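J.: Pasting a structure below so you can have a look.
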Amino acid sequence: MTNLAILPIIIPLFAAIILAFTTKKVKLSRTLAKIFTIINLAFIGYITYEVFTKGSIILETGSWKAPFGIIFVADIFSIVIVLTSSILTTAIIFFATRTVSENKEKHYFYALVFFLISGVSGAFLTGDLFNLFVFFEVLLMASYGLITLGGDKKQLRESLKYVIINLFSSIVFVTTIAFLYSVVGTVNMAHIAERVHEVEQQGILTVIGIVLFFVFATKAALFPLYYWMPKSYTVPNPVVSALFGALLTKVGIYSIIRVFTLIFVFETDLTHTIFVWIAGLSMIFGVIGALSTKNIKLIVAYNVIPSIGFILFGLAIFNQDALSGSVYYLLHDMIIKAALFLIVGVVVYVAGTSDLRKMGGLIHNYPGLGWILFLSAFILAGIPPLSGFIGKVLLLKGSFSNDQIIIGLVALVSSLLILYSIMKIFIYGFWGDKQEDLPKKSTKGLLSPIIFLVSISVFLGVGAELVYPNIELISEYLLDPEIYINSVLKE
């Protein structure tokens, strides 16, 4: 049973290796990619059921007991994020088989995607801080291949920036782990969480925690470290943009939540005050970026930044309602952000441009696409009773109960501006007279994966009565680090 914890890592890794040998047979690669992603989703669904009904699954590799061996922890927090990742990956793979050029498919596209998924799942499931660094590097190496696939001039320019920033943050990351090890003598997260309370050098630990936060904040694209992200996420294929926007920044914010609810739970007056400011500024500057551009890809990319701000906002408030809001919003945003990146990819394909000023009247030829975009804008902005609304209500409830009124108001205003930024695409791209010189292109097979994602997002809202008790359970779990520590160290 304990071996189940590593399956979300092993299955995509095995798939990537197989797909690396079938690159010349494109049809076979497409079929295998679909089969592997469905198998992966089925196994993760089963693991999620086991975790929620029987408790955390702890794998001690090589029978080395924690904290001495490599540990994988499938707890209720990590596994629900892995499940969400698998759901959106399934939709993205089915979309990719219709949209990715054959040339890119022959250059290891599917293998790189599954290597990325393996690294992402490993980052979510590892119980070891050094292995978190290792899995960051695995997913980043795969992302380097995906972001440069195609060799376009803009791609190479933006990918160079992407690689340099991530290499620098990785150097800082591993150096910070070394400093932390020198203080506590372990890299097992449960063991670190146990030992930090025994160390007299609380000031040094606080500094280490803040440095770790900025490492993860760089990867999560929080203010002021987001400058590398928007254009980097717009230059590759829409499939790659969807994977990056839905998963890579979320690995960063997941790591922040994990570390600051488990290890660095002292000096919260200092750390969480910093979080409040960064969350608020991320909302403000992300929305400003989205409103300032006419490029629809950039509009969606900039909207990644305030969404990470919302999730950090809940951690900063650090009560049950706020943390429930963070987890709810995290799941919601992963799904709807993937859908939006795919939607704008289709819009660019049918319009022949990503510039809003050169669009108009698309609703006449593509009504289905237009109304899916319209609904997605409402979901992202948090219009009731959709999923974004549930997360934001919980965040606001938590902030108002802690007298954090200003950040709550910033969140409300940001939500309205987020809605306007996405509705701009609908208003300028779909409204207006039909463009007679624009040929109608087939969208066969493109809308189904998007409808699948949007439907799940709608369910997270209208089915909140079913979903929320599990989210509440996760927030209670995060607020009590002793549960994680005892389950891993078996005390």
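J.: Six or more apart or on different chains, Cβ under 8 Å: which pairs go from a residue in region 285-309 that's free of Cβ contacts under 8 Å to residues at least 60 places away in the same chain to one that's surrounded by fewer than 24 Cβ atoms within 10 Å (Cβ to Cβ)? Could you list them?
T.: Matching pairs, first to second residue: Gly289/Leu298.
J.: Residue under question is Phe72, and the condition is that it be assigned to a helix (DSSP H, G or I), out of contact with any His (no Cβ under 9 Å at 6 or more places or on another chain) and hydrophobic (A, V, I, L, M, F, W, C); does it hold?
T.: Judged against the criteria, Phe72 is not a match.
J.: Looking only at residues that are assigned to a helix (DSSP H, G or I) and more than 20 Å from the chain's Cα centre (by Cα) in region 449-467, which one is surrounded by the most Cβ atoms within 10 Å (Cβ to Cβ)?
T.: If we take residues in region 449-467 being assigned to a helix (DSSP H, G or I) and more than 20 Å from the chain's Cα centre (by Cα), then Ala464 is surrounded by the most Cβ atoms within 10 Å (Cβ to Cβ).
J.: For region 403-417, give me each residue that is buried (at least 18 other Cβ atoms within 10 Å of the Cβ) and either more than 29 Å from Ile450 (Cα to Cα) or modelled with pLDDT under 85 (or both).
T.: Matches in region 403-417: Gln404, Ile407, Gly408, Val410.
J.: Quick check on region 196-206. Is at least one of its residues within 15 Å of the chain's Cα centre (by Cα) and either modelled with pLDDT of 90 or more or over 21 Å from Asp333 (Cα atoms) (or both)?
T.: no
J.: For the list (1) within 25 Å of Ala242 (Cα to Cα); (2) among the aromatic types (Phe, Trp, Tyr); (3) without any contact (Cβ under 8 Å) to a residue 60 or more places away in the chain, I need the number of the one condition that Phe452 fails.
T.: Going through the list (1) within 25 Å of Ala242 (Cα to Cα); (2) among the aromatic types (Phe, Trp, Tyr); (3) without any contact (Cβ under 8 Å) to a residue 60 or more places away in the chain, Phe452 breaks only (3).
J.: With the requirement that a residue be assigned to a helix (DSSP H, G or I) and either under 21 Å from the mean Cα position of the chain (by Cα) or crowded, with 19+ Cβ neighbours inside 10 Å (or both), what does region 253-271 give you?
T.: Matches in region 253-271: Ile253, Tyr254, Ser255, Ile256, Ile257, Arg258, Val259, Phe260, Thr261, Leu262, Thr271.
J.: Further, regarding this structure: Over 17 Å from the mean Cα position of the chain (by Cα) and buried (at least 24 other Cβ atoms within 10 Å of the Cβ): which single residue out of Gly127, Gly119, Gly145 fits that description?
T.: Gly127
J.: Out of all the residues in region 151-162, is one or more closer than 29 Å to Ala15 by Cα, over 24 Å from the mean Cα position of the chain (by Cα), in contact (Cβ under 8 Å) with a residue 12 or more places away in the chain and surrounded by fewer than 18 Cβ atoms within 10 Å (Cβ to Cβ)?
T.: yes
J.: Within region 304-321, which residues are surrounded by 24 or more Cβ atoms within 10 Å (Cβ to Cβ) and within 23 Å of Val462 (Cβ to Cβ)?
T.: Ser307, Phe310, Ile311, Gly314
J.: Any chance you could count how many residues in region 421-448 are in a helix (DSSP H, G or I) and loosely packed, with under 15 Cβ neighbours inside 10 Å?
T.: So the count comes out to 2.
J.: Here is a follow-up. Collect the residues in region 220-240 that are assigned to a loop (DSSP other than H, G, I, E, B), touching a residue at least 40 places away in the same chain (Cβ under 8 Å) and farther than 16 Å from Tyr349 by Cβ, keeping them in residue-number order.
T.: Matches in region 220-240: Ala221, Leu222, Phe223, Pro224, Tyr226, Trp228, Tyr233.
J.: If Leu160 satisfies every condition in (1) assigned to a helix (DSSP H, G or I); (2) on the phi > 0 side of the Ramachandran plot but one, which is the exception?
T.: (2)
The values are calculated or read from the model by the stated rules, or taken from the named source; none is laboratory data. As the structure is a prediction and not an experimental result, all values here were calculated from the model. Glycine also receives a Cβ, built like all others from the backbone with ideal geometry; neighbour counts cover every protein chain displayed.
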